[in-house]
Structures are given as structure tokens and as C-alpha cells.
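For reference, the structure is listed below as C-alpha cells.
The values are calculated or read from the model by the stated rules, or taken from the named source; none is laboratory data. Computed from a predicted model, the values in this text were never measured in an experiment. Methodologically, a virtual Cβ is constructed for each residue, glycine included, from the backbone with ideal geometry; neighbour enumeration extends over all protein chains shown. In case anyone asks, the SASA skips ligands and DNA or RNA and just uses the protein heavy atoms, side chains included. Shrake-Rupley method; radii C 1.70, N 1.55, O 1.52, S 1.80 Å.
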Number of protein chains: 2
Amino acid sequence: MGMSDIIASFIKDILDQTNGIAELQRSELAERFKCVPSQINYVISTRFSPEHGYIVESRRGGGGYIRISRVAGTKKQLVMQMINAAGYELDVSTASAFVSNAFNNDLIDRRDAKLIMAVLGDNALKAIPTELRNSARADIFKHIMINLIA
Amino acid sequence: MGMSDIIASFIKDILDQTNGIAELQRSELAERFKCVPSQINYVISTRFSPEHGYIVESRRGGGGYIRISRVAGTKKQLVMQMINAAGYELDVSTASAFVSNAFNNDLIDRRDAKLIMAVLGDNALKAIPTELRNSARADIFKHIMINLIA
DNA sequence: ACCGATTTGACCAACACTGACCAATTATCG
DNA sequence: CGATAATTGGTCAGTGTTGGTCAAATCGGT
């Protein structure tokens with residue numbers, strides 16, 4: 001068990017004690033574990049991604065922070081299934097199927113569904129080179145899904 | 001929450017109590033919050049910009065003032081203004097200003113606002129090369145806005 | 001030895017705050 | 001009336017404080 005696992009479990013302990021929200025200072029964490037600050041980013045990106053069921057927000061500058069939220073609730077199972085089923089690439093028709101599924105399972109209403117498909121459609125993503133579009137769509141989809149149950 | 005946030009919320013309180021018009025004296029505000037006068041300008045330019053939905057007028061000399069007004073308009077007008085103002089490139093902080101403006105004008109609720117910012121944030125757009133991200137963000141933002149009035 | 005995961009550090013970006021200097025407007029005095 | 005002083009806000013570049021990125025170096029297991 002390396003340092004990254006130790007840091008990750010420290011963060012999870014905080015989440016357990018705070019109803020699923022951890023507000024951290026990167027430099028303070030790095031100091032506590034005697035590592036470089038960027039290792040905190042590594043831990044977060046490898047262990048607290050949407051695939052793992054977390055939302056991460058941050059702010060720079062004075063009073064900056066990193067906030068990690070663990071989502072919960074009855075809809076979590078379904079959402080996590082979709083996020084993991086999406087994989088690293090997501091084309092429009094598959095995305096559309098996921099969104100229909102989310103609608104049928106009362107995860108989102110009709111209005112949300114329209115909005116989400118507007119975001120995931122090729123029109124909205126035309127500034128992205130074709131060969132990158134499906135991976136960008138997958139990322140965006142995952143962030144939408146995880147935020148739906150936050 | 002730093003001093004700038006405190007000053008901003010003080011101004012917003014005034015706006016709430018005065019039908020959307022706050023007339024302030026820079027030096028008096030600076031004195032009240034024990035900061036340098038130029039910090040007032042900083043607060044105004046970072047939190048009361050046109051993107052945030054405000055108009056700022058001022059006058060120097062004896063009897064000088066800074067007047068901050070909330071912009072009004074129909075939902076469709078607001079949406080069209082934002083789409084036009086977004087242009088071809090949209091950075092995260094400008095996007096954030098637009099979204100909070102949309103929220104303040106009841107175009108979207110708090111949940112929508114969070115969802116939209118999750119989509120427009122750098123995390124969700126990681127798969128897009130940095131130099132293309134702002135144009136992709138602008139496209140996505142416009143599609144969202146259009147959808148709000150469709 | 002190879003390969004993925006981890007660790008590191010140099011460089012970057014965002015946000016907050018400050019102070020010296022500038023500009024505009026009004027008040028006062030001769 | 002006109003010059004000058006007083007009063008008010010504006011600008012901008014600099015400093016400090018945080019977090020982010022990326023690629024090279026290292027570690028550990030097969």
C-alpha cells in the first residue's frame with residue numbers, strides 16, 4: 001500500500017465523517033503526508049473520478065480549496081452503471097440510448113433529457129476534432145450523470 | 001470566503017432591498033471593510049460585470065458615486081444577449097458569470113446551474129486540447145441557452 | 001528487462017489584494 | 001470669471017497565495 005492509497009483512505013475517512021463532503025487544501029494535505037502537491041492531484045484523478053462516484057470542484061488563489069463530494073442516494077446504482085458502461089468513447093446514438101434509459105427510469109425529466117442531448121449532439125461538439133469527439137462526449141456524459149444525483 | 005466575497009454580498013443585499021439599484025461611495029465602502037479603495041473596483045469588475053447581469057455607472061468629484069443596477073429583460077432577451085456576448089470563445093470564469101446570471105433571472109434553477117457548470121468546467125472538457133476548449137465551450141453554452149427557450 | 005503505477009518537480013494559471021499614480025468633477029478664492 | 005484646491009473614482013502593474021498540468025524519473029511486480 002503506497003502513499004497514494006494512504007492519502008486516498010485519509011480523504012475517505014473525512015468523507016465518512018462529514019456526510020460525504022471533504023473540503024481540503026492541497027498544500028496542507030501535501031505537507032501532512034510529506035509529498036509534493038501534485039501527488040494530491042494524482043490521487044484525486046485516479047481515485048475520486050466520476051467513475052468512482054465522486055464530484056471534484058476546486059478554486060485557486062487566496063482561500064482556495066479542493067472539494068470532493070461523494071454522491072449517494074437510491075439512484076446511485078443506476079447512474080454508476082451508466083457511467084461505467086459508457087467507457088472511454090461514446091457515440092451519439094449510444095448516448096441517446098443512455099439518456100432514454102435515464103428518462104425511463106425517472107432519473108431525469110423530459111426537459112433535462114432534451115438539454116442533455118443538445119449538449120451531447122454533434123452540433124454542440126463540432127469544435128472538437130472528430131477523432132476526439134467520442135472521448136469528449138464520454139467525459140461530458142459522465143460529469144452530467146454524476147451531477148444528476150448530487 | 002474572502003473579503004471580496006463579503007463586500008459582494010453586502011452590495012447584493014443592498015440591491016435586494018432597493019429594487020435592484022445600489023448607489024455607493026467607494027471610499028466609504030473601503031472604510032467600512034478596512035480595505036483599499038481599489039479593492040472595491042476589483043469586486044465590481046469581478047462580480048458585477050455585464051456578464052453577471054449588471055450595469056455600473058459612476059461619477060467622480062464631490063458628491064461622486066458608484067451606481068450598480070441589475071439589468072432586466074424578458075427571458076428570451078436575456079438568452080439572446082448571452083449568446084451574442086459569448087462569441088466564439090468562452091472561458092470558464094465568463095461562463096460561470098453567465099450561468100449565475102441565468103440563475104438570478106430564474107432562467108434555470110440551482111440544480112440546472114450546477115449541472116451546466118459541471119458540463120462547462122475544465123474537468124468535463126479534459127479530453128479537448130486546451131487551445132480548442134474555449135471554442136468548444138462557447139458552442140456547448142450556446143446550445144444549452146437555445147434549448148432553454150426552445 | 002519490461003510495463004503499468006507512482007512519485008517528483010519545474011512551470012503554468014487563476015484569484016486576491018495593494019499602492020502609486022491618473023482623471024474627472026466640484027468647491028473655493030481672488 | 002478663471003485659476004486653483006479639494007474631493008472623489010479609475011487604472012494598472014506588481015505581489016502573494018493557492019491549485020493544475022505535464023512529462024521525466026522511479027518503483028514494483030511479472
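State the percent of C-alpha pairs, over all pairs in chain B, separated by a distance greater than 21 angstrom.
On the way: 5551 of 11175 pairs.
Of the Cα pairs, 50 percent sit more than 21 Å apart.
Count, for each residue of B:141-150, the Cβ atoms from other chains sitting within 10 Å of its Cβ, then give me the mean as a whole number. Kindly include the intermediate steps, with their values, before the conclusion.
Working: counts 2, 3, 10, 5, 1, 2, 8, 3, 0, 3.
Other-chain Cβ atoms within 10 Å of each residue's Cβ, averaged: 4.
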Taking Cα atoms, the helix A:76-86 axis meets the longest principal axis of chain A at an angle in degrees (rounded to 10) of 70 degrees
Expressed in angstrom and ordered largest first, the alpha-carbon extents of segment A:1-42 along the principal axes are 28, 23, 16
Rounded to two decimals, the Rg over Rh value of segment A:3-70 from Cα coordinates and the Kirkwood Rh reads 0.93
Largest-first ranking of B:Arg67, A:Arg32 by accessible area, probe 1.4 Å, whole protein assembly kept, is A:Arg32, B:Arg67
Note to self: C-alpha centroids of segment A:92-133 and segment B:85-138 sit apart, in Å, by 17 Å
For chain B, the longest principal axis of the Cα atoms and the Cα long axis of helix B:3-17 enclose an angle in degrees, to the nearest 10, of 80 degrees
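Of A:Lys12/A:Lys75; B:Lys76/B:Lys142; A:Lys75/A:Lys142; A:Lys142/B:Lys76, which sit over 19 Å apart, Cα to Cα? Write out the running numbers ahead of the final one.
Details: A:Lys12/A:Lys75 21 Å; B:Lys76/B:Lys142 13 Å; A:Lys75/A:Lys142 15 Å; A:Lys142/B:Lys76 30 Å.
Where the Cα-Cα span goes over 19 Å, the pairs concerned are A:Lys12/A:Lys75; A:Lys142/B:Lys76.
For chain A, calculate the relative contact order in percent as a whole number, restricting contacts to Cα pairs under 8 Å that are 6 or more residues apart. Please list the in-between numbers first.
Details: 151 pairs, mean separation 34.9, N = 150.
In percent, rounded to a whole number, it is 23.
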In whole percent, the fraction of accessible protein surface over the protein assembly as shown that belongs to carbon or sulfur atoms, probe radius 1.4 Å, stands at 49 percent
Per 5 angstrom bin, beginning at 0 and ending with the bin that holds the maximum distance, the Cα pairs of segment B:75-149 fall in percents of 3, 18, 31, 27, 14, 6, 1
Taking the protein assembly as shown, the equivalent ellipsoid from its C-alpha gyration tensor has semi-axes in Å, biggest first, of 35, 27, 17
At the level of C-alpha centres, the distance separating segment B:32-53 and segment A:1-37, in angstrom, is 34 Å
Output row A,B: buried area (accessible, probe 1.4 Å, summed both chains) in Å², nearest hundred, equals 2200 Å²
Nearest 10, in degrees from 0 to 90: the angle of helix A:37-47 to the longest Cα principal axis of chain A is 40 degrees
For segment B:3-70, averaging the sequence separation of alpha carbon pairs under 8 Å that lie six or more residues apart and dividing by its residue count, the contact order in percent is 36 percent
So the FRET efficiency between A:Gln25 and A:Ala150, C-beta based with R0 = 25 Å and rounded to 0.05, is 0.70
In debye to the nearest 20, the charge dipole size for segment B:75-149, taken about the Cα centre with +1 at each Lys and Arg Cβ and -1 at each Asp and Glu Cβ, equals 200 debye
Residue-ordered couplings for segment B:141-150, obtained by feeding phi - 60° into the Karplus form 6.51 cos²θ - 1.76 cosθ + 1.60 and rounding to whole Hz (Gly and Pro as x), are 4, 5, 5, 5, 4, 4, 5, 5, 10, 6
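Heavy-atom accessible area per residue, segment B:3-70, 1.4 Å probe: how many Å²?
Values: 4090 Å² over 68 residues.
On a per-residue basis, segment B:3-70 sits at 60 Å².
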Probe 1.4 Å, heavy atoms of protein chains only: per residue, the accessible area of segment A:74-142 in Å² is 50 Å²
